[in-house]
């Protein structure tokens, strides 16, 4: 019984591998964008999926901001401050 089980597992493993190969080859063949399809297959195979966290509010100098346009303005102001500080520090050194 043990020998039969091991042989069956080996056959099943080969059948599953062959079925996956046929499935992926079929996906690539019918795809209009083969590169995207290949990356999707790779990500599915290694179990890597992309997930995005939604940001609903941020803390800024004006307090908590929840509106998308206010968040964008707060982020832009931060980048402007960082750039201005960076220019001041490089000007002082130069």
Hits in the stretch 1-55 - residues which are under 30 Å from residue 70 (Cα atoms) and touching a helix residue (DSSP H, G or I) at 6+ places or on another chain (Cβ under 8 Å): 50, 55
Pairs, first free of Cβ contacts under 8 Å to residues at least 12 places away in the same chain in the stretch 9-32, second in a helix (DSSP H, G or I), C-beta under 7 Å, six or more apart: 31/37
Test: residue in the stretch 50-63 that is over 30 Å from residue 81 (Cβ atoms) and modelled with pLDDT under 95: yes
Only one of 31, 60, 86 that is closer than 26 Å to residue 16 by Cβ and surrounded by 10 or more Cβ atoms within 10 Å (Cβ to Cβ): 31
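The values are calculated or read from the model by the stated rules, or taken from the named source; none is laboratory data. This structure is a prediction, so every number in the text was calculated from the model and none was measured. FYI the Cβ positions are ideal-geometry reconstructions off the backbone, even for glycines, and counts take in every protein chain you see.
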